[in-house]
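Nothing in this text is a laboratory measurement; each read-out follows from the coordinates by a stated rule. Bear in mind the structure is a predicted one, so any value in this text is a computation, not a measurement. Methodologically, a virtual Cβ is constructed for each residue, glycine included, from the backbone with ideal geometry; neighbour enumeration extends over all protein chains shown.
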Amino acid sequence: MDIIEVEEITRRFGSLVAVDKVSFTVKEGEIFGFLGPNGAGKTTTINMLCTLLTPNEGRARVNGYDVVKQRTGVRRSIGLVFQEPTLDEYLTAEQNLRFHAYAYKVPREEREKRIDELLELVELSERRKSKVSTFSGGMKRRLEMARGLLHSPRVLFLDEPTLGLDPQNRRHIWDHIHELRRKHNLTIFLTTHYMDEAENCGRITVIDQGRIVALDTPDNLKDMVGGDLVTLKAEDNSAAVAELKEKYKLEPIIEKDNVVFSVPQGEKFLVKLMRGFHNNLVSISIRRPTLDDVFLKLTGRAIRDEEVSFKDQLKQMAMMRRH
Amino acid sequence: MADVFRGVWVVAYRELLRFVQERSRLFSSFVMPLIFLVIFGAGFGELVGSMTPGVDYIQFMYPGILAMTVLMSSLMSGISIVWDREFGFLKEILVSPLGRGGIILGKAVGGAVVAVLQAFVMLILAPILGVSLSFTMVVELMLLIVIVSISLSGLGLLVASRMQSQQGFQVVIQLIIMPLIFLAGIFYPVNNVPVWMEVISKVNPLTYGVDAIRQVFLGSEGAATIGVTVFGHTMTILEDILVVAAFGAILLVLSVWSFSRQE
């Protein structure tokens with residue numbers, strides 16, 4: 001069954017088209033990833049699916065409810081973990097969860113039991129009576145996840161669930177996500193710009209400048225790159241590019257100081273290259289493709305916005321300190 | 001509809017939780033009115049006493065200061081929305097099944113309960129200041145304060161529906177609050193002032209809130225001499241309440257509309 005159906009959804013902000021005729025479906029129990037750089041339209045799409053933004057055109061249904069006409073139905077069906085924290089820092093973990101339970105009308109007899117269970121799941125039972133302002137970034141994210149699940153949603157939306165977390169915390173969050181899916185047949189819709197993270201998804205949509213450029217399983221996407229990836233550095237990179245094009249009919253590009261190209265059966269090709277290449281090589285390496293390469297191949301650019309997100313974090317920290 | 005009612009109480013409940021946890025707010029919110037009472041009471045009392053015939057100046061000003069306390073805490077419900085927006089918590093409320101109307105009303109009701117609590121603290125000071133108070137008066141005042149507070153909170157909520165930052169909200173609200181307080185008949189009666197001031201005072205909803213609260217203290221005889229008159233008619237307490245409530249209803253509807261349109 002398709003739990004999310006999106007048909008040609010479009011959202012404009014002034015003259016900027018943030019999401020441009022995007023269509024896709026998500027099956028129940030799937031981990032569905034939205035992959036793209038900052039500003040690609042990931043968050044705009046999530047906001048439309050969770051009724052925070054009205055699409056200018058197109059239709060979308062979540063759990064059978066129309067995101068424009070049946071907002072309440074949609075809101076009851078989904079849990080959300082946003083990119084930036086949405087907890088009340090002055091309340092305790094428990095109070096935050098209880099507020100959520102009231103707002104979503106979780107029956108009284110289930111309420112405390114579920115709160116206990118979920119705090120256990122995200123390993124925050126011992127801190128339940130502490131104010132959220134004393135929590136680390138990872139703990140807050142985990143608490144938000146517990147909160148997003150409190151009303152037993154059918155779909156959990158995670159917008160950059162591990163943004164700004166250290167690797168250990170990231171792995172931790174992913175363990176939780178997999179456990180949830182197994183236990184509750186929960187559908188998970190997530191956005192990320194971490195390629196290694198996207199590997200966890202059943203299917204991935206690559207989105208760039210508001211448009212879907214590819215939608216497939218991680219393995220199939222990697223096959224699109226067409227073989228192994230060779231990165232080499234020559235004394236004269238542009239001459240090397242010319243030679244690779246002419247002699248071996250390849251399509252190399254220059255990335256930073258390196259020449260990068262993909263080639264089937266890379267090991268064999270290297271031997272051939274060593275024998276006949278006229279330009280002087282400085283270094284050479286070969287590896288299997290990753291989703292990074294898929295993105296590069298599809299858009300001609302690497303997802304290189306780590307700096308931007310770092311700046312965002314600093315901004316957020318500065319804001320926190322002000323109050 | 002059930003979602004709206006649940007919205008009101010869930011949102012109001014959180015406002016109270018927050019209030020209880022921020023004791024400094026309780027303290028600061030009645031220190032300023034107290035300063036007004038002491039400084040204006042002592043300094044102005046001798047000078048403007050003649051403007052309030054038959055009524056001791058402190059007796060005249062105290063109800064006004066009480067109304068001012070209510071206004072201050074009512075506007076807090078507006079800043080609470082801006083605060084939630086800045087800290088992201090507003091999103092958690094907005095994606096929940098609670099309706100927009102319920103959220104806005106919940107903020108107003110939460111603010112009203114806080115206003116009642118703060119007014120109560122002010123009432124404890126009444127005997128010390130020589131203002132007489134009876135049990136029925138306290139009950140009447142509490143009911144009155146709930147109505148006035150919910151109505152006035154509409155002002156803060158309407159401004160808040162458009163504000164992204166607390167700084168922005170503070171600037172706008174300060175601009176509104178000053179004329180509102182000084183032209184509401186808190187410090188002097190609004191009937192014997194220059195015409196332009198009288199006109200502004202009489203379209204100021206706080207004027208009627210102050211008048212209603214004052215009538216509880218001074219009775220209708222007091223109103224006969226210093227009460228607010230509109231086109232020669234002296235307002236009764238019921239008419240005062242109607243004016244305030246009508247004003248509040250309009251502002252709250254506008255707030256919900258402005259809020260829904262944006263988010």
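By definition, a body whose alpha carbon gyration tensor gives a ≥ b ≥ c is rounded when a/c is under 1.5, and the stretch A:226-288 falls into this rounded group. Counting Cα-Cα pairs of the protein assembly as shown in 10 Å increments starting at 0 gives whole-percent bin shares of 3, 15, 21, 19, 14, 11, 8, 4, 3, 2, 0, 0.
Going through the cross-link list A:Lys113/A:Lys183; A:Lys245/A:Lys272; A:Lys222/A:Lys245; A:Lys105/B:Lys91, which pairs have a Cα-Cα distance over 20 Å in this structure? List each step's numbers first, then the result.
Details: A:Lys113/A:Lys183 17 Å; A:Lys245/A:Lys272 15 Å; A:Lys222/A:Lys245 23 Å; A:Lys105/B:Lys91 18 Å.
Over 20 Å apart, Cα to Cα: A:Lys222/A:Lys245.
From most to least packed by mean Cβ count within 10 Å, the peptides A:172-185, B:82-95 give B:82-95, A:172-185. What's the angle, to the nearest 10 degrees (0 to 90), between helix B:205-226's Cα axis and the longest principal axis of chain B? The answer is roughly 30 degrees.
Summed over qualifying helices (DSSP H, 4 residues or more, each -39500 (n - 2.57)) and divided by its residue number, chain A shows a 222 nm mean residue ellipticity of -12000 deg cm²/dmol.
Per-residue mean of other chain beta-carbon atoms within 10 angstrom of the beta-carbon, peptide A:68-76?
On the way: counts 0, 0, 0, 3, 5, 1, 2, 6, 3.
Taking the mean over all residues of the peptide, I get 2.
Which angle from 0 to 90°, rounded to the nearest 10, does the C-alpha axis of helix A:167-184 make with the longest principal axis of chain A? Helix A:167-184 sits at roughly 60 degrees to that axis. Taking only the alpha carbons of the stretch B:163-208, we obtain Rg and Dmax values of 12.8, 41 Å in that order.
By DSSP, the beta bridges lying fully in the protein assembly as shown are antiparallel in about 65 percent of cases.
Over 30 Å between C-alpha atoms is what I'm after, so list which of A:Lys21/A:Lys249; A:Lys140/B:Lys107; A:Lys42/A:Lys129 land there. Table pairs above 30 Å Cα-Cα are A:Lys21/A:Lys249; A:Lys42/A:Lys129. Across the options A:Leu190, A:Ser77, A:Gly210, the greatest Cα extent toward the positive end of the charge dipole of chain A (unit charges at beta carbon of Lys, Arg, Asp, Glu) belongs to A:Ser77. Have a look at B:Leu238, B:Ile150, B:Met197 and report the one farthest towards the positive end of the charge dipole of the protein assembly as shown, computed about the Cα centre with Cβ charges (Lys/Arg +1, Asp/Glu -1). The Cα lying farthest towards the positive end belongs to B:Ile150.
On the basis of the beta-carbon distance and an R0 of 41 Å, A:Glu8 and A:Arg275 show a calculated FRET efficiency of 0.20. Restricting the trypsin sites (Lys or Arg not before Pro) of the stretch A:119-160 to loop positions (DSSP other than H, G, I, E, B) with no more than 13 neighbouring Cβ atoms within 10 Å leaves A:Lys129. Its Cα gyration tensor gives chain A an equivalent ellipsoid. The semi-axes, each the square root of 5 times an eigenvalue, are 42, 22, 18 Å from largest down. Treating each Cα of the stretch B:2-258 as an identical point scatterer and summing with the Debye formula, the log10 of I(q)/I(0) at q = 0.07, 0.16 Å⁻¹ comes to -0.23, -1.17. Seen against the Cα atoms of chain A and their longest principal axis, helix A:306-322 is set at about 30 degrees.
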